[in-house]
1. Please report, in Å, the Rg and the Dmax of the stretch 260-367, where both are computed over Cα atoms only.
2. Quick one: which residues, 5 or more positions from S342 or on another chain, have an amide H under 5 Å from its amide H? H modelled 1.01 Å from N in the peptide plane, none for Pro or chain starts.
3. Provide the per-residue ³J(HN,Hα) series for the stretch 143-153, in order, calculated from phi with Karplus coefficients 6.51, -1.76, 1.60 and θ = phi - 60°, each as a whole number of Hz, with x at glycine and proline positions.
4. With 10 angstrom as the radius, rank C38, C239 by how many other C-beta atoms surround their C-beta, starting from the fewest.
5. Residue by residue through the stretch 348-355, which ³J(HN,Hα) values in whole Hz follow from phi under the Karplus form 6.51 cos²θ - 1.76 cosθ + 1.60 (θ = phi - 60°), with glycine and proline marked x?
6. Listed here are the pairs K156/K322; K153/K229; K37/K142; K37/K240; K142/K322; which of them are more than 21 Å apart at the Cα?
7. Between K345 and H226, how many nm apart are label points set 7 Å from Cα along the C-beta direction?
8. By average Cβ neighbour count within 10 Å, what is the ranking of 206-216, 174-184 from highest down?
Amino acid sequence: MTNEEKRQDIMEVDEYSAKCPACFASIKFNPENGNLKCPYCHHEEHIPEADLEADEEVEELDFHSAEARSSFRWGEEKKIVICDSCSAELVYDALKVASVCPYCGSNHVMPSSTEHSLAPNGIVPFQITMEQANQNFKQWIKGRWFAPNEAKKSAKAGAFTGIYIPYWTFDTKTASQYTARYGKHRTVYDKDGKPQTVTDWYRTKGFYQEFIDDHLVLGSTRYDGHILKKVEPFNVKACKPFQNDYLQGFIAERYSVGLEDGWKIAKDEIHDYLRYQITQHIIFRHRADVVKNLRFSTVHSNITYKYLMLPLWLSTFTFKDKRYQFMVNGQTGKVGGEYPVSAIKVTIAILIFIIIAIALYFGIENS
C-alpha cells in the first residue's frame, strides 16, 4: 500500500483525542467523579452538558426501521490510524471503536458509525476505578472456599483492561395464546389408612400479555459468556446518551452480533421467560399445584431497541503456571471468573456431605 493510499484510509477515521488544556497530554475519563482527568498534571475537565443529560433518557429506536441489521465477522476489515502525538502507525480491527496508543498513551476513537454499522446511542460510564477493581478481586479470591489457600494468599491480578462491550436491549409488547393442563393435588387414604396424594387434571386455555422492558443481549462473541453472567446484571436504567468523552482512556468494541441476530437471541430468551410466567399465571388463576403440556404462541409488537456500551474490567492471574481469567463489572464492581480448585477441599466437602446424608437417613429410620 502506498503512502497516499494509507492517507486515504486514515481520512476515513474519525479521531477524537481529548487534550489537557494545561499540559496538552491526552486526557482520560475518571470513573470516580465522571469528569475528564489528566493522568500527568491531574487537571480535570467537566464533561460538557453532563448535568443536563443526567435526567435524559436514552432514546428507544424502532427495530423495523433500522438500516444495518446484520452481524459482523471479526477481523475482516482493518483500519490504519496514525497517532497525532507520536506519529506511530496503528492497525485496528474494524470492530474496535476506541483505543489508546501503546507508545504514548494518546487516545484514538474509531468511527462510531459506518455505512455498514449502527452507532451506539447509550452508554453506562465506568463507576469502578482500576484500583477498586483490583481490591474487589482480592476480596473475591479470598471468598472462594474451594480455592487453594496458597492461591488466596499469593494471587495477584495482572494488568487490567477497561473495555466498553456492546449490548442490545429490546422492548416488546407480547401477546400469547396458550393451552395447557393443570393439576390439583388431594389426599386420599388407602385401606390401611396411609395417606396418598392423587392429582385431578383439568384443561385450560387463555390469553397472556406482558410488556418486556430492556431485555439485554450481548452484542459480541469474544467473551466467556459463563464468566460474564457472573458479573451481570448491569443497571441499564442508569445509561446516558452516548458521548465520546466517556471513552477516553478505555477501549470500546463495536458489535459483532448484529441487530437481527440479537433479536433472534432475545426472542428465544423471552420465550423461555414467558413459559415460566404463563405457568405461574395458570397456577395463580386456577389455584393449581402443577401445570403440564403447556403450548403457546406469541406475537411481538412495538419492538424497539437500544445499542449500549457497558463497562467491564478484564484481567487474569497466574497460579502454578496456569493463567485464570476474571472480570469486574465496571458499574457495580461485581467479580466473576475462573480460579484453581483444591482437590483436598473438594474431597473433604464430599465426605462431609456423605456423613450428613447417612446421619439423616438413620435418624429418619429410627424415628
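Read the figures in this text as sums done on the coordinates, not as results from a lab. Given the structure is predicted, the values throughout are model-derived calculations rather than measurements. All Cβ positions, glycine included, derive from the backbone under ideal geometry; neighbour counts span all protein chains shown.
1. Rg then Dmax for the stretch 260-367, in Å: 23.6, 62.
2. Under 5 Å from the amide H of S342: A147.
3. x, 7, 4, 7, 6, x, 4, 4, 5, 4, 7
4. Ranking C38, C239 by Cβ neighbours within 10 Å, fewest first, gives C38, C239.
5. Per-residue couplings from phi come out as 4, 4, 5, 5, 4, 4, 5, 4 Hz.
6. In this structure, K153/K229; K37/K142 lie more than 21 Å apart at Cα.
7. Output for this residue pair reads 1.8 nm.
8. The most tightly packed comes first, giving 174-184, 206-216.
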